[in-house]
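Take a look at the structure set out below.
The values are calculated or read from the model by the stated rules, or taken from the named source; none is laboratory data. Note that the structure is a prediction, hence the values are computed from the model and not measured. Here Cβ is always computed from backbone atoms with ideal geometry, including for glycine, and neighbour counts include all displayed protein chains.
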Amino acid sequence: MSRAFLLTGSAVAHNKSYMMKSRSRTMRIFKKIYEIFFCLILAANLSVVLFDSTYLMKIPYTYYTFRDIYRTAADRYEILSFLKHPSRPGLLFYDDVKGIDAHRATASFLADFDRLEKILNRPEEKQPEVPELLGRLSSEMVRMIDQDPYTGDFALAEKNGTLEEIKNRIRAHYRATGTALHEISAKDSFRRFFSAENLTPAMQRSELAFFNVRLRPLFEQNYHRWIDIDGEQKDFFTRRIDLWFLLFFWCDFIARWVYAVFARSYRRWYLFPIRRWVEIFNLISLHHTVWTRILRVVPLFNRLKENGFLPGEGIMPGLIHENAEIIAEEISGMVFVNILDQTQSIIRSGDFNQIGDINESGIIAEIRKFTNTNIGLIGQSMIPAIEPDIARLIEFSVNSAMKPYLNSPVGFPVRMLLRQVYSGLHDGLRAALSSPEGMNQIKNIMQKAVDTIIAELTADRNVAVMQEEVAALLEAVKNEVNRAIQQRG
């Protein structure tokens, strides 16, 4: 029974461990899903922030803002018609967020022109209002041109460049061949345009089409932006849009702070906001301070990096690291090639320490010192190893010398004598090699052998051969390095 109880307890412990692992795995999956969701929300918020910050930004070297591009696209493409304001013609739905309204002067001017166009398109009816409308439009246009550029109708929206483009287009409309554009008066051109002599039945269609196609879009770019109680231009982005993102970011920050406290992730409860100080940009939205919202890209990058959603150490560090490796490889390759060139030149020219100088004070001296110091060790370790070879060499030499006698009638006694000599050869050879006289002989033999080998190696013919062989080897290595560099480049 006790065994069954133990088995049951083991099964329960195993099931409990399995359930804990399963729960931990489920929590990790849930956390990963939530982190993906949070990063998507933060990325969406950052996209909205960038859209808002560039909505009224002027495009360099043009009279356009991004709002003008959106308006043009909404007018030109039906698929983007949702950008238009549903109840306020000429405006976009996002204009309400920025406190934008149609400018009274330009809106009134366009309304008078629409009324004039409507009357001119009904020639069967009497047109008593036409002279009055033409005079009003002409004088209104002259008034806009004569205004101070800092306080005029186009100044508040920073659209003085648009007014200049309107003037240039009306000048170009009446410019004669060979006349410079700046030599034509914009005011006189508008007086001519809004005259009964110009808007005759034969000219009405082309002139009205010119205004609607070339001038009206520029007038519609002008707008009026209301002033708020803080003295700044109205902007409802924080109150209408960013506030909802801020609530989500605050809930996320507080929940992770509480979890860190209970999980004892930090030694002190107040260390979490200190370690996560960059997330302050997610938690604030200062009015009329765009850069604080754009800096939310920093906590987004950190969140992506912490969850492993970015390859390696991130986008920019990865690019820098990869390019640094390429540069290092290129530089190291070129340095290696230069070293090979210099080494090859030295070897071919023979401009290095002469072997003859080394013979007496360098390599040979060290080898002689080594043999003199370690002659006893050589006699104990090396001589016994080569002793059988020396004995066989002596036997071969004696047999070769005694061969005529071995084949003669006295060959048998000679063989018997030589066998007795060979039997004592090993002992005698070992004794001779172990004696001081034998060691001196071995020392002299080794020194002569070393001197002979070095002399042959340092001979001019052999040195020249080695120089050419080493130089050829370096040339082959250099060619391989250059080929590898060219393939990388």
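If you scan the range 270-286, which residues turn out to be more than 17 Å from Trp250 (Cβ to Cβ) and surrounded by 13 or more Cβ atoms within 10 Å (Cβ to Cβ)? If you could, list the steps in order and put the result at the bottom.
The initial filter retains those residues of the range 270-286 that are more than 17 Å from Trp250 (Cβ to Cβ), namely 270-271, 274-275.
The answer is Leu271, and nothing else.
State the number of residues belonging to the range 72-98 that are within 16 Å of His224 (Cα to Cα) and touching a Leu at 6+ places or on another chain (Cβ under 6 Å).
The number of residues fulfilling the criteria is 2.
Given the criterion in a helix (DSSP H, G or I) and touching a Leu at 6+ places or on another chain (Cβ under 7 Å), identify the matching residue among Phe253, Phe301, Phe272. So that I can check it myself, show each step before the final result.
Details: Phe301 fails: touching a Leu at 6+ places or on another chain (Cβ under 7 Å); Phe272 fails: touching a Leu at 6+ places or on another chain (Cβ under 7 Å).
Answer to the check: Phe253.
Would you call Lys118 among the charged types (D, E, K, R) and surrounded by fewer than 17 Cβ atoms within 10 Å (Cβ to Cβ)? Give the steps one after another, and end with the answer.
On the way: among the charged types (D, E, K, R): yes; surrounded by fewer than 17 Cβ atoms within 10 Å (Cβ to Cβ): yes.
In short, yes.
Failed condition for Gly308, given (1) farther than 21 Å from Phe37 by Cα; (2) assigned to a loop (DSSP other than H, G, I, E, B), with all others met?
Gly308 satisfies every listed condition except (1).
Would you be able to tell me the number of residues in the range 173-195 that are within 16 Å of Met141 (Cβ to Cβ) and of a type outside the set (Ser, Thr, Tyr)? Quick ask: steps written out before the conclusion?
Taking the range 173-195 first, the residues within 16 Å of Met141 (Cβ to Cβ) are 173-174, 184-195.
Imposing the further condition that a residue be of a type outside the set (Ser, Thr, Tyr) reduces the set to 173, 184, 186-188, 190-194.
So the answer is 10.
Among the candidates Ser195, Ser139, which residue alone is touching a helix residue (DSSP H, G or I) at 6+ places or on another chain (Cβ under 8 Å) and over 23 Å from Pro89 (Cα atoms)? Break it down into steps so the answer makes sense when it comes.
On the way: Ser139 fails: touching a helix residue (DSSP H, G or I) at 6+ places or on another chain (Cβ under 8 Å).
Within the list Ser195, Ser139, the selection yields Ser195.
Considering only residues of the range 121-160 that are surrounded by fewer than 18 Cβ atoms within 10 Å (Cβ to Cβ) and in contact with a strand residue (DSSP E or B) (Cβ under 9 Å, 6 or more places away or on another chain), which is nearest to Tyr63 (Cα to Cα)?
Going through the qualifying residues, I end up with Glu158.
To keep it simple, each residue is scored yes or no on (1) at pLDDT 95 or above; (2) hydroxyl-bearing (Ser, Thr, Tyr); (3) under 24 Å from Arg239 (Cβ atoms); (4) not in a helix (DSSP H, G or I).
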| position | (1), (2), (3), (4) |
| --- | --- |
| Phe5 | no, no, no, no |
| Ser10 | no, yes, no, no |
| Ala13 | no, no, no, no |
| Tyr18 | no, yes, no, no |
| Thr26 | no, yes, no, no |
| Ser53 | no, yes, yes, no |
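Identify, by number, the condition in (1) assigned by TED's automatic domain parsing to the domain that holds Ala209; (2) under 45 Å from the mean Cα position of the chain (by Cα); (3) aliphatic (A, V, I, L, M) that Leu92 doesn't meet.
(1)
Going residue by residue through the range 75-96, is there one that turns out to be loosely packed, with under 15 Cβ neighbours inside 10 Å, more than 30 Å from Asp235 (Cβ to Cβ) and either in contact with a Phe, Trp or Tyr (Cβ under 8 Å, 6 or more places away or on another chain) or among the polar types (S, T, N, Q) (or both)?
No, every residue in the range 75-96 fails to be loosely packed, with under 15 Cβ neighbours inside 10 Å, more than 30 Å from Asp235 (Cβ to Cβ) and either in contact with a Phe, Trp or Tyr (Cβ under 8 Å, 6 or more places away or on another chain) or among the polar types (S, T, N, Q) (or both).
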